[in-house]
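The values are calculated or read from the model by the stated rules, or taken from the named source; none is laboratory data. No experiment lies behind these values; they were computed from the predicted model shown. Here the Cβ is made from the backbone with ideal geometry for all residues, glycine too, and neighbour counts use every protein chain on show.
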Amino acid sequence: MAKINDNYLKLKAGYLFPEIGRRVRAFTAANPSAKVIRLGIGDVTRPLAPAVLKAFHDAVDDLGTTENFAGYGPEQGYDWLINTIIEKSYTPLGVSLKTEEMFISDGSKCDCANILDIFALDNIVAIGDPVYPVYNDTNVMIGRTGEANEKGYYQNIVYLPCNEANSFIPALPTGKVDIIYLCFPNNPTGVVADKAELKKWVDYANANDAVIFFDAAYEAFITDPSIPHSIYEIEGAKKCAIEFRSFSKTAGFTGVRCGLVVVPEEVMGTTTLGEKYSFNKLWLRRTTTKFNGASYPVQRAAAAVYSDEGWRQTREIIDYYMENARIIREGLTEAGVTIFGGVNAPYIWLKTPDGMTSWDFFDKLLTECNVVGTPGSGFGPSGEGYFRLSAFGNQDNVIEAVERIKKNLK
Ligand code: MLT
């Protein structure tokens with residue numbers, strides 16, 4: 001009989017969002033008249049920007065013509081998309097990148113998971129706690145960890161607690177680690193790191209020959225001009241950081257699927273024999289072997305995000321979500337709830353009232369207010385006692401959800 005990958009059995013529970021979905025389905029089945037408002041998973045609700053939609057349609061039409069038909073594209077993405085992203089999104093930050101350093105994909109979740117393929121299993125990994133669960137669980141799946149302890153911490157992972165005392169910004173690891181996951185603006189806490197903070201991490205990584213996985217999926221939601229959008233704005237980062245970006249939240253592509261990874265040529269690792277080797281070469285090899293590229297119409301739609309019209313329309317949608325964030329932040333603050341995030345990020349991280357557990361508060365909001373959020377403990381043990389609300393909802397629903405919560409907590 002074929003043997004299974006036992007590492008999967010170490011995983012403590014089902015993936016967080018399907019678990020929330022199951023509970024919500026059970027509730028709505030039992031209460032069919034309840035008008036449930038979903039502010040749980042960070043899934044967008046606004047339609048695609050018209051300029052993006054048009055480019056998408058036009059590209060589909062291309063596929064129906066002999067002259068413009070597109071078959072397999074380059075596995076790592078079309079140059080016209082990569083060069084547009086570099087020119088419109090990195091050059092203005094003072095960051096220069098080569099076309100060969102960027103790889104277009106079908107989304108950032110897969111990239112964050114797949115990148116582990118090109119790193120040896122005996123690397124020591126550090127991740128924040130709470131954290132986007134994909135970082136933790138994919139390390140378990142690939143076999144880098146031992147079992148979880150009773151708190152939910154896996155052996156061989158260095159956890160960096162993020163709490164009120166450190167303003168949800170982790171401290172540098174006390175020992176040497178080889179891979180560090182950073183996510184700013186942060187999912188789930190919504191906090192951001194300034195340049196001085198990121199410099200500490202880049203200096204640590206360069207001093208310890210470590211690689212930073214920098215998840216910048218939410219960079220478009222930064223409102224404070226002093227906050228960096230890319231880790232490459234920090235001196236020395238091109239030697240030690242791999243950056244992930246996503247069109248999911250920036251341009252409403254959660255259902256369309258498009259992301260990107262930047263692997264600068266200077267980021268090096270060592271072979272078992274101690275020779276230096278470029279991660280860029282390995283990622284290219286992996287990509288060309290295991291992936292056939294994001295689809296042509298999707299890449300055309302992604303490129304249209306950066307047209308003048310596309311970007312203006314996309315910004316309007318981002319502003320709409322950030323207005324939701326303000327409504328949630330201010331409304332719940334009025335209700336006496338302690339709030340974090342939501343200023344430079346589309347997530348509001350709140351302290352559960354009266355010391356309730358995260359899941360108890362989830363059940364209370366679901367059953368008493370018919371509002372769905374995400375329990376903080378689902379993002380790691382240090383998330384216990386916290387709760388995340390997403391700003392990606394429809395604005396009328398967001399206003400109603402806040403009113404219901406305010407009334408309930410009075
Ligand atoms: C979230 O709600 O944390 C995100 O939507 C999950 C994701 O991007 O995969």
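Quick one: which residue in 402, 343 is part of a helix (DSSP H, G or I) and touching an Asp or Glu at 6+ places or on another chain (Cβ under 9 Å)? Before you say what the answer is, go through the steps one by one.
Details: 343 fails: part of a helix (DSSP H, G or I).
From the options 402, 343, the qualifying one is 402.
Being crowded, with 24+ Cβ neighbours inside 10 Å and touching a Gly at 6+ places or on another chain (Cβ under 6 Å) is the filter here; which residues of region 240-257 pass it?
Result: 246, single match.
Give the residue that is farthest from residue 169 (Cα to Cα), with candidates limited to residues of region 183-239 that are of a type in the set (Ser, Thr, Tyr) and buried (at least 22 other Cβ atoms within 10 Å of the Cβ). Show your work before the answer.
From region 183-239, those of a type in the set (Ser, Thr, Tyr) are 189, 204, 218, 223, 226, 230, 232; that's our starting set.
Now narrow it down to the ones that are buried (at least 22 other Cβ atoms within 10 Å of the Cβ): 189, 218, 232.
Working: 189: 9, 218: 16, 232: 19 Å.
In this case the residue turns out to be 232.
Residue-wise test of (1) of a type outside the set (D, E, K, R); (2) closer than 30 Å to residue 315 by Cα.
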| position | (1), (2) |
| --- | --- |
| 63 | yes, yes |
| 71 | yes, no |
| 78 | yes, yes |
| 82 | yes, yes |
| 87 | no, yes |
| 91 | yes, yes |
| 96 | yes, yes |
| 102 | yes, yes |
| 111 | no, yes |
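Could you count how many residues in region 121-145 are among the hydrophobic types (A, V, I, L, M, F, W, C) and touching a residue at least 60 places away in the same chain (Cβ under 8 Å)?
Restricting attention to region 121-145, the residues satisfying the condition of being among the hydrophobic types (A, V, I, L, M, F, W, C) are 121, 124-127, 131, 134, 140-142.
Subsequent filtering for residues that are touching a residue at least 60 places away in the same chain (Cβ under 8 Å) retains 131, 140-142.
Number satisfying all stated conditions: 4.
Quick check: anything in region 194-205 within 26 Å of residue 349 (Cα to Cα) and in contact with a Lys or Arg (Cβ under 6 Å, 6 or more places away or on another chain)?
Checked against the condition, which is being within 26 Å of residue 349 (Cα to Cα) and in contact with a Lys or Arg (Cβ under 6 Å, 6 or more places away or on another chain), region 194-205 yields no hits at all.
Can you find a residue that is under 19 Å from the mean Cα position of the chain (by Cα) and not assigned by TED's automatic domain parsing to the domain that holds residue 158 anywhere in region 334-341?
So the first thing to find is which residues in region 334-341 are under 19 Å from the mean Cα position of the chain (by Cα), and the list is 340-341.
Add one more test, that the residue is not assigned by TED's automatic domain parsing to the domain that holds residue 158, and what stays is 340-341.
Yes, there is a match, as at least one residue in region 334-341 is under 19 Å from the mean Cα position of the chain (by Cα) and not assigned by TED's automatic domain parsing to the domain that holds residue 158.
Quick one: which of 145, 91, 99 is closer than 17 Å to residue 8 by Cβ and among the hydroxyl-bearing types (Ser, Thr, Tyr)? Talk me through it step by step, then tell me what you get.
Working: 91 fails: closer than 17 Å to residue 8 by Cβ; 99 fails: closer than 17 Å to residue 8 by Cβ.
Selected residue: 145, the only one of 145, 91, 99 that is closer than 17 Å to residue 8 by Cβ and among the hydroxyl-bearing types (Ser, Thr, Tyr).
May I ask you to list the residues in region 209-261 that are part of a loop (DSSP other than H, G, I, E, B), small (Gly, Ala, Ser) and within 15 Å of the ligand (Cβ to nearest atom)? Steps first, answer last, please.
If we filter region 209-261 for residues that are part of a loop (DSSP other than H, G, I, E, B), which is where we start, we get 209-210, 216-218, 222-230, 234-236, 240, 247-258.
Now drop any that are not small (Gly, Ala, Ser), which leaves 210, 216-217, 226, 230, 236, 248, 251-252, 255.
Within region 209-261, 216, 217, 248, 251, 252, 255 meet the criteria.
Note down all Cβ pairs under 9 Å where the first residue falls in region 170-193 and is farther than 16 Å from residue 136 by Cβ and not assigned by TED's automatic domain parsing to the domain that holds residue 377, the second is among the acidic types (Asp, Glu) and within 12 Å of the ligand (Cβ to nearest atom), and they're at least six residues apart or on different chains.
Note: pairs meeting the criteria are 184/215.
Out of (1) more than 19 Å from the chain's Cα centre (by Cα); (2) away from the ligand (no atom under 16 Å from the Cβ), the odd one out for residue 372 is which?
(2)
Okay, residues lined up against (1) of a type outside the set (Val, Ile, Thr); (2) over 19 Å from residue 246 (Cα atoms); (3) not in a loop (DSSP other than H, G, I, E, B):
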position: 277; (1), (2), (3): yes, yes, yes
position: 286; (1), (2), (3): yes, yes, yes
position: 293; (1), (2), (3): yes, no, no
position: 302; (1), (2), (3): yes, no, yes
position: 311; (1), (2), (3): yes, no, yes
position: 316; (1), (2), (3): yes, no, yes
position: 319; (1), (2), (3): yes, no, yes
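One line per residue, one yes/no per condition, for (1) among the charged types (D, E, K, R); (2) more than 16 Å from the ligand (Cβ to nearest atom):
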| position | (1), (2) |
| --- | --- |
| 298 | no, yes |
| 316 | yes, yes |
| 321 | no, no |
| 342 | no, no |
| 355 | no, yes |
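With the requirement that a residue be crowded, with 18+ Cβ neighbours inside 10 Å, more than 16 Å from the ligand (Cβ to nearest atom), among the small types (Gly, Ala, Ser) and not in a helix (DSSP H, G or I), what does region 14-62 give you?
Hit for region 14-62 is 49, nothing else.
Among the residues of region 219-244, count how many are touching a residue at least 60 places away in the same chain (Cβ under 8 Å) and in contact with a strand residue (DSSP E or B) (Cβ under 8 Å, 6 or more places away or on another chain).
First, pick out the residues of region 219-244 that are touching a residue at least 60 places away in the same chain (Cβ under 8 Å): 220-224, 227-230, 232-233, 242, 244.
Now restrict to residues that are in contact with a strand residue (DSSP E or B) (Cβ under 8 Å, 6 or more places away or on another chain): 230, 232, 242, 244.
The number of residues fulfilling the criteria is 4.
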